[in-house]
Amino acid sequence: MPLTVTSRRRLRAATAQPRRGEKHRGRTVALASVGMIAALYPLLRRPILTWGATSQEATSRLPGDELLEDADGVSTRAITINAPAASVWPWLAQMGPSPRGGAYTYDWMENLLGLDMHSAESVLPEYQHPDVGDTIGLGSNRMRLERVEPEHVLAWRSEDGNWIWTFVLEEHDGTTRLISRNRFRLPTLAARIGMLPMEPGSLLMERKMLGGIKERAERLASAAAERSSREADSVQTRPP
C-alpha cells in the first residue's frame with residue numbers, strides 16, 4: 001500500500017529522532033571525557049613532570065635553581081647511567097643544533113620545528129669545552145650558558161630569562177644519575193594555558209633524550225674499558 005503524505009512525515013520524524021538523540025549522546029560523552037581528563041590531570045601531572053626522578057631529587061634544590069628563583073613551573077626528570085660521569089659529560093657538552101651534537105631525541109620532530117637537530121653518535125672534540133657565555137639557538141629561544149662545572153653541572157638560560165634548563169650529574173660507584181631540571185616563568189595566562197599540553201609532549205621528547213644519552217655514554221664507557229684492557233694485556237705480554 002503506498003504511503004500517504006502523513007505516513008511519510010511520521011516515518012521521517014521517527015527516523016530523525018534517534019539521529020538527534022545520537023548527536024546529543026555524543027556531545028554528552030565528549031564533554032564527560034573532557035571533564036574526566038581535567039579532573040585526573042592534576043594526578044597525572046606529577047609523574048609527567050618527575051619521570052625517573054626520586055622524590056628527593058624532585059623536591060631538592062639543585063645547582064642552577066638560583067638562576068630563576070620564582071618559577072611558575074618545574075620539571076625534574078632523571079635516569080641512571082651505567083657509566084662514570086666522564087662518559088656522560090661529552091654528550092651534554094656538545095648538545096645543540098647543527099653543527100653541534102643534536103639533542104639525542106626524535107630528530108624528525110625537532111626538525112619539523114626548524115631546530116636543525118642531528119643527533120651525533122660520536123664525541124665531537126671541537127665542542128668539548130663549553131664556557132659561561134656560550135650561546136645556542138633553539139628556534140625562537142636563544143640559550144646562554146650560565147653555569148658550567150665539568151662532569152657535574154651545565155645550566156642554560158633563555159634570552160628572555162623565563163626558562164632555565166640545567167643538567168646535573170651525580171656519580172656513585174661508577175654509575176651516574178643524570179638529572180634534567182627545567183624551570184619556567186609563565187608571565188601571562190596564555191603562557192600558563194599553553195604550557196599544559198606542552199608538558200606531556202616535553203616528557204615524550206625528554207625521555208627519549210635521556211635514554212639516548214644513556215645509550216651513548218654506556219657505549220663510550222664500554223669502548224674505553226675495552227681499550228684499557230687491551231693496553232694492559234699488551235703491557236703484560238711485552239717482552240722484558
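The values are calculated or read from the model by the stated rules, or taken from the named source; none is laboratory data. Predicted model only: the values in this text are computed from it and were never measured. Counting neighbours? That spans all protein chains shown, and the Cβs are built from the backbone with ideal geometry, glycine included. The area values use the complete protein model at the heavy-atom level, side chains included, leaving out ligands, DNA and RNA. Shrake-Rupley method; radii C 1.70, N 1.55, O 1.52, S 1.80 Å.
At a glance:
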| item | result |
| --- | --- |
| Matching residues, the stretch 62-116, being without any contact (Cβ under 8 Å) to a residue 60 or more places away in the chain and closer than 15 Å to L154 by Cα | E66, Q94, M95, G96 |
| Looking only at the stretch 171-192, and only at residues there that are out of contact with any helix residue (DSSP H, G or I) (no Cβ under 8 Å at 6 or more places or on another chain) and part of a strand (DSSP E or B), the one that is nearest to G114 (Cα to Cα) | T175 |
| Sole exception among (1) closer than 24 Å to W108 by Cβ; (2) under 12 Å from the mean Cα position of the chain (by Cα); (3) surrounded by 13 or more Cβ atoms within 10 Å (Cβ to Cβ) for L178, by number | (2) |
| Single match in I164, I213 (criterion: surrounded by 13 or more Cβ atoms within 10 Å (Cβ to Cβ) and within 17 Å of N82 (Cα to Cα)) | I213 |
| Matching residues in the stretch 188-206 - criterion: being of a type outside the set (S, T, N, Q) and surrounded by fewer than 11 Cβ atoms within 10 Å (Cβ to Cβ) | L189, A190, I193, P197 |
| Residues located in the stretch 183-235, provided they are over 24 Å from the mean Cα position of the chain (by Cα) and either closer than 21 Å to P47 by Cα or of a type in the set (S, T, N, Q) (or both) | S222, S228, S229, S234 |
| Hey, R61 at pLDDT 90 or above and basic (K, R) or not | yes |
| Residue match in the stretch 224-231 (condition: at pLDDT 95 or above, assigned to a helix (DSSP H, G or I) and open to solvent by 50 Å² or more (accessible area, probe 1.4 Å)) | no |
